[in-house]
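Some notes on the structure that comes next.
Every read-out reported here was derived from the displayed coordinates using simple, explicitly stated rules and does not represent laboratory data. Note that the structure is predicted; figures quoted are calculated from it, not measured. Every residue, glycine among them, receives a Cβ derived from its backbone with ideal geometry; neighbour counts consider all protein chains shown.
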Amino acid sequence: MAEYEDSDGSDDPTIEIINEFAYVRVRRVYTRNGERLEIVAPRRGYRILLDAVELESLTWQNPETFSGFLRASIGRDVGEDESGVS
């Protein structure tokens, strides 16, 4: 988990997105290097700040990319090899 210094003084609202599997808080913050989107996963203790290019790059991905993130995070299914094939 990376630590970031921010000089947040904003009144921007925090948005919470919750379901049975995850809980994240999202808000805009202002840093020495410009505006960022802060995403916090309180249950896991993770925090990341993303700039506009990093956020846009998420739109370039396909669903399989995110499935790969989840496999790496929670582990492969039983019977699945390292490539993710059953």
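Observations, loosely collected:
- R0 of 35 Å, Cβ-Cβ distance T14-E64: FRET efficiency to nearest 0.05: 0.70
- Volume per residue of the convex hull around the Cα atoms, evaluated for region 15-74, comes out as 102 Å³.
- Separation in nanometres of the label points that stand 7 Å from Cα toward Cβ, at Y46 and R28: 2.5 nm
- Our coupling estimate for region 33-43, obtained by passing each phi through the Karplus curve with A = 6.51, B = -1.76, C = 1.60 and θ = phi - 60°, is 9, x, 6, 9, 9, 9, 10, 10, 10, x, 5 Hz, Gly and Pro reported as x.
- Highest-first arrangement of 23-31, 39-47, 57-65, where packing means the average Cβ count within 10 Å: 23-31, 39-47, 57-65
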